[in-house]
Amino acid sequence: MATSPVHPDARSGPTQEQYGGQAVIEGVMMRDRSSMCVAVRAADGRIALNRQALPGGRGRALVLKVPLLRGMVALVDSLASGVGALLWSAGASGQDEEELTGWQVALSLGLALVLAVGLFMLLPTLIVSGLRAFAAGRPDAGYGTTVVLNLVEGAIRAMILVAYVWAIGRMPDVARVLAYHGAEHRVINASESGAKLSPAGIRHYPVEHPRCGTSFLLYVVFVSVLVFSLFGWPSLWQRLLIRLALLPVVAGISYEWVRLAGRSRSPLVRLLCAPGIWLQRLTTREPDDSQVEVAIAALRGLIGGGEAAEEVVT
C-alpha cells in the first residue's frame, strides 16, 4: 500500500491507497492501515459517522511486512475492528434495543469460531474418514491416493461453504446487508479507478472485488488441499490435529494470494481469481442509490481524517 491516499472526488487517476471494509447493519465500514470510518443510515434517514484510529506502533508495522505472519495479524485486526463496527452500527441504526455486555460479545465470537472451525475444517475430514479404510486395503495405495482423498475433502469443504453462503443469503435481513456489501465494493472499485464518487456516476462499476473476504474463504479451501496433502492421510485424530495446527499457515498463504490478486493485472492471476469472484455473486446484492451514498460517506469520512469522533453528516 502507498502512504498517500487520493481524495475520493479526484479525477487525475486511480488511487494508490488500498482500502478495505465490510458491510454492517444499515451501513458500511471503510478502513485503511491507520484508521476506520463507519457510516450508517439512521432511522431518521440521516447518515451517522464514527471514525476510529486503529492500533499501530513500530513493532506492529514491522510484523505487517513479514509474509504469512502478517496475514494472521491482519485477520485478527479485521475481526476486532469488524465486531466493533457491527456493534456500533446496531445502535446507530436504531436496531439495537439492548447493548451487549463484553462477556456476551466474547461468548458469541467464541461460539462462532468453534462453529466455523468445526463446520469448514473438521467436518469434511470426518466425512471422508471412511475412505481411509478403503484406500488402505488397495495394493496401489500411495501418495496418489492421499492426494485424491485430500481433493475429495477439499471438494466437500467447498460445497459446505457454498451451501452455507447460499443459505444465509436467503434471509431477508442478511440480503439487505449483502446489498451494502455490494455498495462497499462498488465504491472501492470506483475510487481505485480515480472516478468521481456519486451514486449515478459509479453504477457501471462491479459489486465484486478481488480482495473480498468471500474470495479469501474460498482460497483457504484451495490452499488447504495443497498444504494438507503434504502430510499424507494419517489417523482421524492426527488429521484433526494437523488441520487445526496448520490453519494459521493456510490462512497466511491465502492472505498473500488475496494481496496479490488485489494488485496484479495479470490475465493468469485474474483467471485463478475467477472462482472467488463467482462466489461473491452469493454474498453481494445490487445496492440502491441510498446504500451507495452511505458507502461513499464512509470512504470520504475515512479519507477526510481527523480525530476519532461521531457525527451526523446529512
Notebook entry, point to check: Given the conditions (1) surrounded by 19 or more Cβ atoms within 10 Å (Cβ to Cβ); (2) of a type in the set (D, E, K, R); (3) modelled with pLDDT under 90, and given that Asp173 satisfies all but one, which numbered condition is not satisfied?
Noted result: (1)
Check: Taking only pairs six or more apart or across chains, which ones have beta-carbon atoms under 9 Å, a first residue in the range 70-87 that is free of Cβ contacts under 8 Å to residues at least 12 places away in the same chain, and a second residue that is not aliphatic (A, V, I, L, M)?
Finding: Ala80/Pro55
Item checked: Residue ID - nearest to Gly20 (Cα to Cα), chosen from residues in the range 206-243 that are part of a helix (DSSP H, G or I) and among the small types (Gly, Ala, Ser) -> Gly213
Next item on the list: Provide a single number: the residues in the range 210-232 that are closer than 19 Å to Ile188 by Cβ, out of contact with any Ser or Thr (no Cβ under 6 Å at 6 or more places or on another chain) and of a type in the set (S, T, N, Q).
Entry: 1
Notebook entry, point to check: Right, Arg285: assigned to a helix (DSSP H, G or I) and among the charged types (D, E, K, R) or not?
Noted result: no
Notebook entry, point to check: Residues Arg263, Arg285: which one is on the phi < 0 side of the Ramachandran plot, within 19 Å of the chain's Cα centre (by Cα) and surrounded by fewer than 19 Cβ atoms within 10 Å (Cβ to Cβ)?
Noted result: Arg263
Note to self: Here are the criteria: (1) buried (at least 21 other Cβ atoms within 10 Å of the Cβ); (2) part of a helix (DSSP H, G or I). Tell me which single one Arg270 does not satisfy.
What the structure shows: (1)
Notebook entry, point to check: Looking at Gly84, Gly45, Gly71, which one is at pLDDT 80 or above, of a type outside the set (D, E, K, R), farther than 25 Å from Val250 by Cα and in a helix (DSSP H, G or I)?
Noted result: Gly84
Margin query: Restricting to the range 16-52, name every residue that is of a type in the set (A, V, I, L, M, F, W, C) and out of contact with any helix residue (DSSP H, G or I) (no Cβ under 8 Å at 6 or more places or on another chain).
Written below: Ala43
Note to self: I need the full set of residues from the range 165-205 which are without any contact (Cβ under 8 Å) to a residue 60 or more places away in the chain, in a loop (DSSP other than H, G, I, E, B) and not charged (D, E, K, R), in order please.
What the structure shows: Met171, Gly201, His204, Tyr205
Note to self: Considering only the range 246-262, I want to know if a residue exists there that is of a type in the set (Lys, Arg), closer than 24 Å to Val24 by Cβ, part of a helix (DSSP H, G or I) and modelled with pLDDT under 95.
What the structure shows: yes
Margin query: Within the range 218-256, take every residue that is surrounded by 16 or more Cβ atoms within 10 Å (Cβ to Cβ) and free of Cβ contacts under 8 Å to residues at least 24 places away in the same chain and give me the one that is farthest from the chain's Cα centre (by Cα).
Written below: Ile242
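The values are calculated or read from the model by the stated rules, or taken from the named source; none is laboratory data. Quantities reported herein were computed from a predicted structural model and do not represent experimental measurements. Don't worry about glycine lacking a Cβ; one is built from the backbone with ideal geometry, like all the others, and counts go over all protein chains shown.
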